[in-house]
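One structure below.
The values are calculated or read from the model by the stated rules, or taken from the named source; none is laboratory data. These numbers come from a predicted model, not from an experiment. Positions of Cβ are generated from backbone atoms using ideal geometry, with glycine treated the same way; all protein chains shown enter the neighbour counts. What goes into the accessible areas is simple: the full protein's heavy atoms, side chains included, and nothing from ligands, DNA or RNA. Shrake-Rupley method; radii C 1.70, N 1.55, O 1.52, S 1.80 Å.
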Amino acid sequence: MYELKTKENDNSVIEFIENVESPKKREDAYRLLDIFTETTGYKAKMWGPSIIGFGSYHYKYESGHEGDAPLVGFSPRKAKISLYFAVGDDEKREELLKEFGKHTSGKACVYINKVADIDVDVLQALIKRSIEFLEERYEVRK
């Protein structure tokens with residue numbers, strides 16, 4: 001049976017951020033921590049060794065695979081900062097990303113170099129929309 005590696009754990013978010021090598025990335029991580037906490041109303045939790053997540057939801061696929069995931073989150077990785085949003089709300093997300101600022105994106109992630117490159121108001125809209133999208137479809141855990 002497949003076991004999910006990215007699980008919520010009790011590791012310290014602050015300790016994780018303090019161990020980010022780049023002082024600029026560390027500063028951006030604290031800024032994002034404030035933005036995500038204020039926007040979601042959820043306490044930050046570590047998911048796996050490197051994702052800072054907010055809230056959680058339980059999903060179950062038709063294949064029978066199920067698990068828990070954060071509603072939204074971020075990770076200050078070496079190359080870029082990864083922002084995690086809901087998968088499946090592509091049209092609304094693409095619309096918001098047009099006004100977001102300098103970024104690249106994948107299926108579930110949006111990648112930025114630094115917070116100064118983006119519009120924080122659009123980030124807050126992306127966070128809110130992601131949570132709304134997931135609340136409409138899944139069992140959200142507070």
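Structure values in brief
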{"item": "Sum of -39500 (n - 2.57) over DSSP H runs of 4+, divided by residues of the chain (222 nm, nearest 500)", "result": "-11000 deg cm²/dmol"}
{"item": "Vicinal HN-Hα couplings computed from phi for region 19-29 (Karplus, 6.51 cos²θ - 1.76 cosθ + 1.60; Hz; Gly/Pro x)", "result": "8, 5, 4, 6, x, 5, 5, 5, 4, 5, 4"}
{"item": "Residue-normalised accessible area of the chain, expressed per residue, 1.4 Å probe, Å²", "result": "59"}
{"item": "Lysine pairs meeting the criterion (Cα under 24 Å, 8 or more apart or interchain), as found in region 72-142", "result": "21"}
{"item": "Options (1) 14.6, 44; (2) 16.9, 65; (3) 18.0, 51 - which one matches Rg and Dmax of the Cα atoms in Å as calculated here", "result": "(1)"}
{"item": "Cα-centre dipole for the chain with unit charges at Cβ (Lys and Arg positive, Asp and Glu negative), debye to 20", "result": "400"}
{"item": "Percent carbon-and-sulfur accessible area, the chain, ignoring ligands, DNA and RNA, probe 1.4 Å", "result": "48"}
{"item": "Most positive-pole-ward Cα, 32, 49, 125, against dipole of the chain from beta carbon charges", "result": "49"}
